[in-house]
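Student: Handing you a structure now.
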Amino acid sequence: MLSSGVHHLEEIKEAGLEQPAVNQIELHPWCQQRGIVDYCKNNGILLEAYSPLTRGKYLDNEVLVEIAEKHKKEPAQVLVRWALQMGYVPLPKSSQQTRIVSNSQVFDFELSKDEMDALYALDMGAEGATTWHPVNAP
């Protein structure tokens, strides 16, 4: 199942159909979609984080850059790590070999509670989205 909102998942449940195992939605600190995230977690639906690198839009954010510098990592690596620590399956995308490798080098550090809280506070709701996503579509 891709990009489903709560009302889509409720329609599936009410129809007596099998619940999807995975929901792929845009997820990053600026677009956390807390309502659908809570619903999926409460119903055992795995979340795939689409566009976890924000299409580069927020890679120069002061909070993100500060955290990256502290860990001697790239901002993109911090975003992938954030998604993992949130319990999501991040789907970073790049056409550059060096970035693909870099995006996978996120298991040698961990974000502290304070760092996770600082990233959590960046949420802008739908305004933080970097792509069109149909979770709110009828």
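Student: Before we move on, is Val22 in contact with a Lys or Arg (Cβ under 7 Å, 6 or more places away or on another chain) and not aromatic (Phe, Trp, Tyr)?
Tutor: So Val22 does not fit the description; no.
Student: When you scan segment 85-105, do you find a residue that is over 20 Å from Ile36 (Cβ atoms) and open to solvent by less than 30 Å² (accessible area, probe 1.4 Å), even just one?
Tutor: Within segment 85-105 (the criterion being over 20 Å from Ile36 (Cβ atoms) and open to solvent by less than 30 Å² (accessible area, probe 1.4 Å)), the answer is yes, since at least one residue qualifies.
Student: Scan segment 1-41 residue by residue and report those that are at pLDDT 85 or above, among the aliphatic types (A, V, I, L, M) and outside any loop (DSSP other than H, G, I, E, B).
Tutor: If the condition is that a residue be at pLDDT 85 or above, among the aliphatic types (A, V, I, L, M) and outside any loop (DSSP other than H, G, I, E, B), then Val22, Ile25, Ile36, Val37 are the ones that fit.
Student: Right, here's the next one. Do the conditions hold for Ser95, that is, is it modelled with pLDDT of 95 or more and not β-branched (Val, Ile, Thr)?
Tutor: no
Student: For Gly128, state whether it is under 15 Å from the mean Cα position of the chain (by Cα) and open to solvent by 30 Å² or more (accessible area, probe 1.4 Å).
Tutor: For Gly128, the condition - under 15 Å from the mean Cα position of the chain (by Cα) and open to solvent by 30 Å² or more (accessible area, probe 1.4 Å) - is not met.
Student: When segment 78-113 is examined, which residues are found to be of a type outside the set (A, V, I, L, M, F, W, C) and more than 29 Å from Gly44 (Cβ to Cβ)?
Tutor: Across segment 78-113, the qualifying residues are Ser94, Ser95, Gln96, Gln97, Thr98, Arg99, Ser102, Gln105, Asp108.
The values are calculated or read from the model by the stated rules, or taken from the named source; none is laboratory data. Just so it is clear, the structure is predicted and the values come from calculations on it, not from any experiment. We place every Cβ from the backbone using ideal geometry, glycine too, and count neighbours over all the protein chains shown. Keep in mind that these areas ignore ligands, DNA and RNA; they rest on the heavy atoms of the full protein, side chains included. Shrake-Rupley method; radii C 1.70, N 1.55, O 1.52, S 1.80 Å.
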